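Inspection log for the structure reproduced underneath, given as structure tokens.
The values are calculated or read from the model by the stated rules, or taken from the named source; none is laboratory data. The model shown is predicted, which means the values in this text are computed figures rather than measured ones. Note that each Cβ is placed from the backbone with ideal geometry, even for glycine, and that neighbours are counted across all protein chains shown.
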Amino acid sequence: MKLRKPKQESGIDISSLIDVLFILLIFLMLAVRFSEPTSSISLDLPKSKTESIGNETYAFKIQIKTNGDLYKNDTKMDMDTFVKTLENNPDPNKTVSLEVDQHLEFGIFVTVTDILKQKNYQKIEIKTEKQ
């Protein structure tokens, strides 16, 4: 009479696999959070020794190209439309992200920042690229 050995259950212990996947998920969430958002508008940002890294959420983003094209949250508009669509800021802690091409005429930059100040946007973060 032949005795059979009891079949051993051949399972994979996935508890360590779940731990590794959880750590990868946390890493990817942090990596995506701290990466710079990509934009469809190409700008030649001014260079600086320190890179401007914002850890705040922005009320909106303004981009100005060399030729004076103005974009609010990736929507192209002229200066008059920008002024009309810009609401008064009730919260002085809201931050606006301003990305300006380094070859832009300085007067346009001053005009846009002046409009923002008139609408009570006091916190304006000017984006630059690290040298």
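Among the residues of the range 68-100, write down those that are within 21 Å of Gln122 (Cβ to Cβ) and of a type in the set (Asp, Glu).
Hits for the range 68-100 are Glu87, Asp91, Glu99.
Checking the condition surrounded by 16 or more Cβ atoms within 10 Å (Cβ to Cβ) and either out of contact with any helix residue (DSSP H, G or I) (no Cβ under 7 Å at 6 or more places or on another chain) or within 19 Å of Lys47 (Cα to Cα) (or both), which residue from Asp80, Asp114, Asp101, Asp91 passes?
Sole residue among the options that is surrounded by 16 or more Cβ atoms within 10 Å (Cβ to Cβ) and either out of contact with any helix residue (DSSP H, G or I) (no Cβ under 7 Å at 6 or more places or on another chain) or within 19 Å of Lys47 (Cα to Cα) (or both): Asp101.
Conditions: (1) modelled with pLDDT under 85; (2) polar (S, T, N, Q); (3) surrounded by 12 or more Cβ atoms within 10 Å (Cβ to Cβ); (4) under 17 Å from Leu116 (Cα atoms). Ser48 meets all but one. Number of the miss?
If we test Ser48 against (1) modelled with pLDDT under 85; (2) polar (S, T, N, Q); (3) surrounded by 12 or more Cβ atoms within 10 Å (Cβ to Cβ); (4) under 17 Å from Leu116 (Cα atoms), just (4) comes out false.
Take the range 14-44 and flag every residue that is modelled with pLDDT of 75 or more and either within 30 Å of Glu105 (Cα to Cα) or assigned to a loop (DSSP other than H, G, I, E, B) (or both).
The answer is Ile14, and nothing else.
Kindly list the number of the only condition in (1) touching a Pro at 6+ places or on another chain (Cβ under 7 Å); (2) modelled with pLDDT under 85 that fails for Asn93.
All conditions are met except number (1).
State whether one or more residues within the range 78-87 are in a strand (DSSP E or B) and within 16 Å of Tyr58 (Cα to Cα).
So far as the range 78-87 goes, no, none of its residues is in a strand (DSSP E or B) and within 16 Å of Tyr58 (Cα to Cα).
Does Asp101 fit the bill of being without any contact (Cβ under 8 Å) to a residue 12 or more places away in the chain and in contact with a strand residue (DSSP E or B) (Cβ under 9 Å, 6 or more places away or on another chain)?
no
Just name the residue that is surrounded by the most Cβ atoms within 10 Å (Cβ to Cβ) out of those in the range 117-131 that are polar (S, T, N, Q) and touching a strand residue (DSSP E or B) at 6+ places or on another chain (Cβ under 7 Å).
Thr128
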